[in-house]
Amino acid sequence: MAWEVLLPAASAPARARGRALQAALRDAVRSGRLAPGTRLPSSRDLASDLGVSRGLVTEAYEQLTAEGYLRSGRGAGTWVSGAVRAARPHARDLAPHAPGLRADFVPGTPDLSLFPRTAWAAAQRAVLTDLPHEDLGYPDPRGLPRLRTALAGLLARRRGVVADPERIVVVSGVAQATALLALALHARGARAVGVEDPGSPRHTALYAAAGVTVVPLPLDDEGLAVQPLRSSGVRAVVTTPAHQFPTGIAYSARRRAELLDWARSEDGFVVEDDYDGDFRYDRAPVGALQGLDPERVAYTGSVSKSLAPGLRLGWLLVPGALAEEVVERKRTTDLGHPALDQALFARFVERGDYDRQLRRCQRAYRERRDTLVDALREHFPGAQVSGIAAGLHVIAELPARYGPQERFLERTSAAGIEVRALAQYAHARDERDPGPRLVLGYAHVPPARIRDGVRLMAQALADG
Ligand SMILES: Cc1ncc(COP(=O)(O)O)c(C=O)c1O
């Protein structure tokens, strides 16, 4: 049996999860989906597939054994008991599944169930108790000094940025950092910025809102191609050098140097969106571009991929020439970031909770990436999978026999599988080989569901 029937229970709220898991297992036995004599996976394997703690699975096995649904052997092992007679299904159970979502590989979201609720709640209580009254007034528009100091240490240590707390602005995510930079660049007379093509549609929308148009610039194997940048006439360019979004290219050392040469010669700026820079799997971390020239690079990142996008918390390290304008825009936009959230996150960083969270996510996401790459190789022989060394998504280029792309997307969508094509992030049309080229996000999908999703995708094509 595919253990996917247990997945909804596994994503129940933490307090209800144990009971939901037991109910789902009991139902599976009663309905006959788990036949008498079926051997259950080890508690360790099932816990890992479902993304829950092993204790929850052990407890569910023990409870259902006590109730007579399961029996455990003399050695290790748990089976479905022969004592249970499956009820005859109701007619409505025989109806075909409603056409719902069966697999979701849309990139951009982390696993929200990994949010460290206990540590967060403890930090929240401590901060409410300790926060000096004066910190509840309007904050410095750049952010609480305590958080800026904590961030400076964190970013220098983890990402190699040149982190002066005076040059940090606490923002509500990369999105707000981008919006503030767009306004500051506009105030300096910029009416166009370069963006990577393919790239993030969010950049385009945010610059457009500030009255700055974007000039799509092509990539090559080393990152943003320099010659088209030089001839474009722009004096600012938005980049994702650690793990280009969406192709996953890591900018080469040579390209980084060339970009900075360009910025110096134009009196221009490079914006570095380090949206998933914390997640590296099998290569050494590539330090931030900002570390090479903090006066030419505006660096931005957030907790959206490591904690949760809903927190709306991020940072911007701003070059001196843009600093005053950016801080003034932050002040006029919202009078500064919420103080309690800032104090809480400062404590979280200071006490090592944030590093712990990053390590935990890193372990989970590495396993999911491996699962996805293996499943693609198994079900789509000949697929080229790239951009896998970092981040939360991969690029899968499928052989032409799985194409054309439009038909592929129709089939998968009809089968309840959400995927994105690389073309959806591109300005320029790609005239190459007609095989589907996909951007597959995996961080939010537990391993069992990744395996099932890829199998369903292959099946959807075979059935058509
Ligand atoms: C490349 C890229 N940059 C920035 C963002 C926005 O991030 P934030 O939530 O920090 O505003 C996203 C969101 O998915 C993204 O994909």
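The values are calculated or read from the model by the stated rules, or taken from the named source; none is laboratory data. Note that the structure is a prediction, hence the values are computed from the model and not measured. As a convention, Cβ positions derive from the backbone with ideal geometry for all residues, glycine included, and neighbour counts pool all protein chains shown. We work out accessible area using only protein heavy atoms, side chains counted, and drop any ligands, DNA or RNA first. Shrake-Rupley method; radii C 1.70, N 1.55, O 1.52, S 1.80 Å.
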Dipole of region 3-93, positive end: most advanced residue of Ala47, Gly77, Gly37 [Cβ charges, Cα centre]
Gly37
Looking at region 243-340 only, what percent of DSSP beta bridges run antiparallel? Nearest 5 please.
50 percent
For region 3-93, rounded, prolate or oblate, judged on the Cα gyration tensor with a ≥ b ≥ c (square roots of eigenvalues), a/c < 1.5 rounded, else prolate if a/b > b/c?
oblate
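Just need the relative contact order of the chain here, percent rounded to a whole number, with Cα pairs under 8 Å and 6+ apart. It would help to have the intermediate numbers written out before the result.
Working: 818 pairs, mean separation 90.0, N = 464.
Relative contact order of the chain: 19 percent.
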Quote the FRET efficiency, to the nearest 0.05, computed for Val5 versus Thr118 with a Förster distance R0 of 30 Å and r equal to the Cβ-Cβ distance.
0.60
Extreme residue, positive dipole direction of region 180-272, given options Leu180, Val271, Gln227 (C-beta unit charges):
Leu180
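Per residue, what accessible area does the chain have, given a 1.4 Å probe and all protein chains present, in Å²? Don't skip to the answer; put the middle values down first.
Details: 21390 Å² over 464 residues.
I get 46 Å² per residue for this part.
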For region 37-45, just list the computed ³J(HN,Hα) in residue order, Karplus coefficients 6.51, -1.76 and 1.60, θ = phi - 60°, integers in Hz, with x standing in for Gly and Pro.
x, 5, 8, 8, x, 4, 4, 5, 5
How large is the dipole of region 117-351 about the Cα centre if only Lys and Arg carry +1 and Asp and Glu carry -1, each at its Cβ, rounded to the nearest 20 debye?
400 debye
Each residue of region 167-173 in order: what ³J(HN,Hα) in whole Hz does its phi give by Karplus 6.51 cos²θ - 1.76 cosθ + 1.60, θ = phi - 60°, with x for Gly and Pro?
9, 9, 10, 7, 10, 9, x
Spacing of the two label points (7 Å from each Cα toward its C-beta) at Tyr138 and Ser53, in nm
4.5 nm
Round to a whole angstrom and tell me the spacing of the C-alpha centers of region 383-462 and region 164-237.
28 Å
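Sum up the charges of everything whose Cβ sits under 12 Å from the Cβ of Ser304, counting Lys and Arg as +1 and Asp and Glu as -1, but leave Ser304 out. Kindly include the intermediate steps, with their values, before the conclusion.
Numbers: positive: Arg202, Lys305, Arg312; negative: Asp273, Asp274, Asp276, Asp278.
Once positives and negatives cancel, what remains is -1.
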Whether region 117-351 is rounded, prolate or oblate, judged on the alpha carbon gyration tensor where a/c under 1.5 counts as rounded
prolate
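Would you compute, from DSSP H runs of 4+ residues alone, the mean residue ellipticity of the chain at 222 nm, taking -39500 (n - 2.57) per run and dividing by the full residue count, rounded to the nearest 500?
Details: 16 runs with 201 residues, N = 464.
Rounded to the nearest 500, the figure is -13500 deg cm²/dmol.
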With the cut-off at 1.5 for a/c, could you classify region 213-371 from its C-alpha gyration tensor as rounded, prolate or oblate?
oblate
Residues whose placed amide H lies under 5 Å from that of Ala192, excluding near-sequence neighbours:
Thr213
Placing +1 at every Lys and Arg Cβ and -1 at every Asp and Glu Cβ, with all other atoms neutral, what dipole size does the chain have around its Cα centre, in debye to the nearest 20?
1620 debye
Residues meeting the amide H criterion for Asp220 (H placed from the backbone, H to H distance under 5 Å, 5 or more places apart or on another chain) are Ala225
What is the distance, in nm, between label points placed 7 Å from the Cα along the Cα-to-Cβ direction at Arg202 and at Ala16?
3.0 nm
Convert each backbone phi in region 210-216 into a coupling constant with the Karplus relation 6.51 cos²θ - 1.76 cosθ + 1.60 (shift: θ = phi - 60°), then list the ³J(HN,Hα) values in order as whole Hz, x for Gly and Pro.
8, x, 10, 8, 9, 10, x
Amide proton proximity set for Ala421, modelled H, under 5 Å, gap of 5+
Val439
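Report, for the chain, the % of DSSP beta bridges that are antiparallel, rounded to 5. Working shown, then result.
On the way: 25 of 43 bridges.
About 60 percent, rounded to the nearest 5.
Provide the net charge surrounding Glu418, with neighbours chosen by a C-beta distance below 15 Å and charges set as Lys +1, Arg +1, Asp -1, Glu -1. Walk me through the intermediate numbers first.
Numbers: positive: Arg102, Arg411, Arg420, Arg449; negative: Asp104, Glu410, Asp452.
Spelling it out: positives minus negatives among the neighbours equals +1.
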When all Cα-Cα pair distances of the chain are considered, the percent exceeding 40 Å is 29 percent
Simple Cβ-charge dipole of region 3-93, Lys/Arg +1 and Asp/Glu -1, about Cα centre, in debye nearest 20:
200 debye
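Taking 0.36 nm per residue of sequence separation and subtracting the Cα-Cα distance, how much length would be gained by fully extending the chain between His427 and Arg230, in nm to one decimal? Numbers along the way, then the final one.
Values: separation 197, 0.36 × 197 = 70.92 nm, distance 1.89 nm.
Gain on stretching His427 to Arg230: 69.0 nm.
Report the net charge of residues surrounding Pro201, where surrounding means a beta-carbon distance below 14 angstrom and charges are Lys +1, Arg +1, Asp -1, Glu -1.
On the way: positive: Arg202, Arg420; negative: Glu196, Asp197, Asp273.
My count for the surroundings of Pro201 gives -1.
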Would you work out which of Val349, Gly143, Val238 lies farthest towards the positive end of the dipole of region 117-351, given +1 charges on the beta-carbon of Lys and Arg and -1 on that of Asp and Glu, about the Cα centre?
Val349
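In whole percent, and with a 1.4 Å probe on the protein chains, what portion of the accessible area of region 3-93 is carbon and sulfur? Intermediate results must be reported in sequence, preceding the final value.
Working: 2570 of 5360 Å².
Carbon and sulfur together cover 48 percent of it.
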